[in-house]
Amino acid sequence: MAEHKATDLTLEEKAALTSGADFWTTEAIERADVPSVMVTDGPYGLRKQAGASDNLGLSESVPATCFPPAVALGSSLDPELAEQVGVALGEECRAEDVAVLLGPAINIKRSPLCGRNFEYYSEDPLVSGELGSAFVRGVQSQGVGTSLKHFAANNQEQDRMRISSEVDARTLREIYLRGFERVVRESQPWTVMCSYNKINGVYASEDPWLLTTVLRDEWGFEGLVVSDWGAVNDRVVGLPAGLDLEMPSSGGRTDAQLVAAVKDGSLDESFLDIAAQRVLDLVDRAQLRPALAEPWSVDAHHALAREVARRCLVLLKNEGGLLPLQPSTRVAVIGEFARTPRFQGGGSSHINPTRVDSALDAIRELADDGRVSFAPGFTLDGSGDSEALTAEAVAAASTAEVAVVFLGLPDFEESEGYDRTHINLPAAQLELLKAVVAANPNTVVVLSNGAVVALPFRDSVPAILEGWLLGQAGGGATADVLYGVANPSGRLTETIPLRLQDNPSYGNFPGELGKVRYGEGGLVGYRWYDAKDIEVAFPFGHGLSYTTFEYAHPTARILANGNLEVGVRVTNTGKVAGREIVQVYTGFAGSSVVERAPRELRKFVSVQLDAGESRQVQVEIARNDLAYWDVRVDGWIVEGGTYRVEVGASSRDIRGSAEVSIDGDVLNIPITRETAISELVAHPVAGKIVSDALALLGGAPAEDGGEADASALGAESLVKLMGSLPVGRLIGFSGGQLTDEMLDHMIEAANAAIA
Ligand code: BGC
């Protein structure tokens with residue numbers, strides 16, 4: 001097939017092509033043989049609407065497999081699994097003639113309140129980046145494109161179409177853009193979706209710094225930028241900034257604005273050529289998508305969804321080895337969620353599943369006949385006689401050996417479009433749990449929630465299994481883990497705090513009067529809890545297994561390519577096979593430049609080990625992953641010094657550490673009159689020149705501006721005393737000894753020395 005050229009199109013055709021034809025398709029240009037292609041949601045299943053269209057998941061869509069949403073998939077901490085899900089999604093897209101799947105969504109979980117946290121992977125950008133990257137690889141291996149979203153700093157739903165995320169440059173780079181950077185550099189998604197919000201006052205859809213300087217010039221993005229649905233504020237401003245495709249259709253309104261702007265000279269047509277060419281490239285690429293040789297198997301995808309879901313459950317607590325249950329155990333299953341699973345969130349990602357498993361049915365399949373009783377305990381809409389429901393549940397619990405209580409958030413509490421206002425489970429559920437525990441202390445709590453909830457009962461129940469939202473096969477997967485058919489290996493990718501008030505964004509979320517200030521800076525999630533030494537309910541990275549793992553002493557060394565290599569031997573010391581997620585963190589306590597988190601995740605590896613098996617885990621951490629973003633040079637800088645490398649089973653279960661010394665990057669910051677004396681003295685090259693110049697002055701000024709006796713002060717005290725003084729101000733204090741010419745000469749010499 002011939003490749004289409006934007007230059008063959010008329011101005012009007014180019015304007016039409018760069019906005020949608022309708023809700024889900026691009027414009028066809030019949031005269032030039034340009035076909036239309038379909039793009040559609042979403043991150044954990046295909047939402048292809050055949051009839052009425054909307055971006056809020058309201059109208060029907062074709063049946064598709066609902067895989068575990070990102071909140072769960074993230075907890076697998078296994079990029080290979082994310083890639084497999086991507087492949088399956090790609091197959092479903094191929095069958096439905098979909099060119100681009102609108103995912104992955106990789107925004108950082110800044111606050112537990114964000115209504116869309118269930119669609120996001122983590123509070124940590126390495127996790128989001130690695131899983132997002134693998135997802136993109138999987139989908140795109142099928143000749144289907146992806147849309148990396150929502151770019152960027154879209155971390156809340158409240159006022160999402162207007163709010164300005166006020167984030168400093170370093171925090172943006174290190175936390176909010178870092179995952180996007182990883183996915184773009186590693187996997188080249190076909191498209192990036194710019195978000196609704198503003199960043200520091202500029203709409204993402206109109207931000208040339210974001211869409212062009214960073215995304216294309218720095219990261220090398222080669223695909224197309226599409227607007228989130230309705231994110232375009234002013235397309236004439238957005239187009240030259242780097243917005244290629246407006247979705248959905250504006251009905252020709254903004255096309256006409258582009259045409260008029262080109263005609264009156266306010267918009268250079270070359271911008272339109274570039275955007276149109278990118279749409280054409282996408283359309284051409286989509287034509288190469290191979291047809292599926294045979295239809296995808298609903299059964300096989302459902303089985304995959306179950307296998308993946310098993311890997312996502314996080315066993316938070318298991319005192320006395322209450323789990324796994326035996327088939328012969330007399331079990332009271334309590335809670336409506338066991339019968340009516342909550343397995344996905346609300347909004348544009350909402351899937352019409354091919355089938356849904358309930359945990360109750362799956363438990364009955366695994367347990368011996370007659371060993372399972374059930375009581376709903378509560379209704380999902382809060383109606384019904386709660387006293388009677390509780391009495392029934394208590395009766396069931398008291399005659400069983402173990403009570404398994406399914407608690408969770410009702411559907412309406414978590415959705416795209418709005419945020420939560422608290423992190424509590426419904427009071428009626430907590431009351432029910434109290435009554436059940438009083439009747440039978442052998443109680444296991446199974447949770448269904450798209451974002452963290454407070455766990456005030458964590459000390460009063462022996463076992464807690466966090467099930468998140470597990471997709472359509474989650475019920476079966478939950479039963480598999482409860483009965484030990486699968487050994488849990490999920491880990492928290494978001495800290496569970498004791499109280500909402502402990503969260504770093506508290507007080508700065510969801511903002512006010514159109515602005516949300518990211519006041520906590522880079523100390524997001526565990527970075528904050530660790531820096532402030534705040535007790536948490538369950539830390540980042542935590543998750544138990546039915547077996548135990550031992551770590552030998554880790555080793556760390558710098559390779560010839562400058563990267564950091566970390567090695568550790570891990571042994572399964574228990575009686576059953578299991579999977580450990582080995583986590584490598586680094587910390588650099590000695591920074592004299594910026595505040596750094598005590599530890600930051602640099603690598604995670606999922607290792608399957610038979611009972612008694614031992615494996616050497618070896619990872620290579622890119623030197624640049626150790627860098628901080630330096631706002632003075634607008635670049636990544638690796639500081640020189642001793643780094644602490646920690647290896648462990650969670651951010652607060654460090655099993656061993658090593659130290660490694662790293663040579664720092666040379667920082668060439670031009671010296672000006674604003675440069676402080678302390679900065680000059682510390683400078684590896686200019687320091688000497690400055691000390692000599694200071695000596696020339698013959699003494700330090702006294703506080704009252706009079707002459708001080710230099711001989712009474714050591715050089716160190718002198719610098720301490722005068723350290724914060726910008727060199728330009730020295731003149732005024734020098735009693736005429738230092739002139740403008742002398743200072744300029746000194747600055748010139750210092751700059752020449754470092755050039
Ligand atoms: C969401 C996107 C989604 C789009 C299309 C928007 O409301 O923010 O994530 O892809 O709708 O449904």
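The values are calculated or read from the model by the stated rules, or taken from the named source; none is laboratory data. Everything numeric in this text was worked out from a predicted model, so none of it was measured. Counting neighbours? That spans all protein chains shown, and the Cβs are built from the backbone with ideal geometry, glycine included.
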Checklist line | Scan of the range 180-193 for residues that are more than 16 Å from the ligand (Cβ to nearest atom) and either at pLDDT below 95 or within 21 Å of E123 (Cβ to Cβ) (or both), ordered by number | finding: E181, R182, V184, E186
Notebook entry, point to check: List the pairs whose first member sits in the range 106-120 and is under 16 Å from V453 (Cα atoms) and more than 15 Å from the ligand (Cβ to nearest atom), whose second member is outside any loop (DSSP other than H, G, I, E, B) and not basic (K, R), and whose Cβ atoms are under 6 Å apart, counting only residues at least 6 apart or on separate chains?
Noted result: K109/N117
Check: Just to be sure, is G45 touching a residue at least 24 places away in the same chain (Cβ under 8 Å), of a type outside the set (S, T, N, Q), within 15 Å of the ligand (Cβ to nearest atom) and crowded, with 23+ Cβ neighbours inside 10 Å?
Finding: yes
Check: In this structure, is D33 within 16 Å of the ligand (Cβ to nearest atom), assigned by TED's automatic domain parsing to the domain that holds P240, charged (D, E, K, R) and at pLDDT 95 or above?
Finding: no
Notebook entry, point to check: Among the listed residues E92, E60, which satisfies the condition of being in a loop (DSSP other than H, G, I, E, B), of a type outside the set (S, T, N, Q) and within 27 Å of V283 (Cα to Cα)?
Noted result: E60
Checklist line | Residue list for the range 443-466, filter: buried (at least 20 other Cβ atoms within 10 Å of the Cβ) and either within 16 Å of the ligand (Cβ to nearest atom) or assigned to a loop (DSSP other than H, G, I, E, B) (or both) | finding: N449, G450, A451, V452, V453, L455, V461
Checklist line | From the options E392, E387, E401, E413, residue that is among the acidic types (D, E) and in contact with a strand residue (DSSP E or B) (Cβ under 6 Å, 6 or more places away or on another chain) | finding: E392
Checklist line | Selected residue (criterion: farthest from S415 (Cα to Cα)) from residues of the range 345-404 that are within 32 Å of the chain's Cα centre (by Cα) and acidic (D, E) | finding: D357
Check: Which of the following residues is under 30 Å from V298 (Cβ atoms), more than 16 Å from the ligand (Cβ to nearest atom) and at pLDDT 95 or above: L389, L380, L360, L323?
Finding: L360
Note to self: Let me confirm something: among A28, A50, which residue is among the aliphatic types (A, V, I, L, M), within 16 Å of the ligand (Cβ to nearest atom) and on the phi < 0 side of the Ramachandran plot?
What the structure shows: A50
Checklist line | Wholly enclosed strands (runs of 3 or more DSSP E) of the range 548-639 bearing at least 3 residues out of contact with any Phe, Trp or Tyr (no Cβ under 7 Å at 6 or more places or on another chain), free of Cβ contacts under 8 Å to residues at least 40 places away in the same chain and over 30 Å from A682 (Cβ atoms) | finding: 600-609
Checklist line | From the options G74, G90, G129, G138, residue that is within 18 Å of L469 (Cα to Cα) and either within 16 Å of the ligand (Cβ to nearest atom) or touching a helix residue (DSSP H, G or I) at 6+ places or on another chain (Cβ under 7 Å) (or both) | finding: G74
Note to self: Just to be sure I understand, how many residues within the range 194-210 are away from the ligand (no atom under 13 Å from the Cβ) and either part of a strand (DSSP E or B) or surrounded by fewer than 19 Cβ atoms within 10 Å (Cβ to Cβ) (or both)?
What the structure shows: 8
Next item on the list: Check whether at least one residue in the range 162-176 is touching a Ser or Thr at 6+ places or on another chain (Cβ under 7 Å), at pLDDT 95 or above and away from the ligand (no atom under 15 Å from the Cβ), and report yes or no.
Entry: no
Next item on the list: Kindly indicate whether E60 is away from the ligand (no atom under 16 Å from the Cβ), of a type in the set (D, E) and on the phi < 0 side of the Ramachandran plot.
Entry: no
